[in-house]
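Here the structure is laid out as structure tokens; the discussion comes afterwards.
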Amino acid sequence: MLIKWSEKFSTGNELIDVQHKALIGIVNNFSIAITDEKGIEALEKVLNDMSSYAWLHFRTEEDLMAKYSFEYQEDHKQRHDQFKKQLLQFIKDFNQSKDLKLVERLHHYLYRWLIDHIQKEDMKYKYLLK
Ligand SMILES: [Fe+2]
């Protein structure tokens, strides 16, 4: 199941939207790597892309939230930190076990998290960026 970008994901900020599209692209690549059985190396590449890009993106969002004194920035940052912790733990477990069931669980987590986070949490700062 691939995520299709639509206006319901738009924050109205071009940079954030471009970054969200890139994250969606990575989650979609992850899905393709699983369903097409592209192998461990492809999965490792996707996980690497995900962690480096998520870090960059969270930094961008957190800088913007600070710049605009967003009232929920602490709560929002905690959600990012929780995600980073979870992702790193998954990557660590996967590197040790190479267990493909873990990969499917991680994909499900990323898929749900990204859609929920953009639609529920990121939309809370939308009004600031207009
Ligand atoms: Fe966010």
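The values are calculated or read from the model by the stated rules, or taken from the named source; none is laboratory data. The shown structure was predicted, so the numbers you read here are calculated from the model rather than taken from an experiment. Reconstructed Cβ throughout: ideal geometry from the backbone, glycine too, with neighbour counts over all protein chains shown. For the accessible areas, the whole protein counts, side chains as well, though only heavy atoms, and no ligand, DNA or RNA atoms are used. Shrake-Rupley method; radii C 1.70, N 1.55, O 1.52, S 1.80 Å.
Which of the residues belonging to segment 119-130 are within 14 Å of the ligand (Cβ to nearest atom) and in contact (Cβ under 8 Å) with a residue 12 or more places away in the chain?
GLN119, GLU121, ASP122, MET123, LYS124, TYR125, LYS126, LEU128, LEU129
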- Index of the failed condition, PHE70 passing every other in (1) closer than 30 Å to LYS130 by Cα; (2) loosely packed, with under 13 Cβ neighbours inside 10 Å: (2)
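Tell me whether segment 88-104 contains one or more residues that are open to solvent by less than 60 Å² (accessible area, probe 1.4 Å) and under 30 Å from LEU129 (Cα atoms). So that I can check it myself, show each step before the final result.
So the first thing to find is which residues in segment 88-104 are open to solvent by less than 60 Å² (accessible area, probe 1.4 Å), and the list is 90-91, 93-94, 102-103.
From what is left, the residues that are under 30 Å from LEU129 (Cα atoms) are none.
No: zero hits.
Okay, residues lined up against (1) in contact with a Leu (Cβ under 8 Å, 6 or more places away or on another chain); (2) not polar (S, T, N, Q):
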residue	(1), (2)
LEU23	yes, yes
ASN29	no, no
GLU44	no, yes
GLU61	no, yes
GLN78	no, no
TYR125	yes, yes
- Task: For segment 38-53, indicate whether the set of residues that are modelled with pLDDT of 95 or more, over 20 Å from ILE115 (Cβ atoms), open to solvent by 30 Å² or more (accessible area, probe 1.4 Å) and among the aliphatic types (A, V, I, L, M) is non-empty.
- Result: no
- Qualifying positions in segment 1-25 - touching a helix residue (DSSP H, G or I) at 6+ places or on another chain (Cβ under 7 Å) and open to solvent by 20 Å² or more (accessible area, probe 1.4 Å): MET1, LEU2, TRP5, LYS8, GLY12, ASN13, LEU15, ALA22
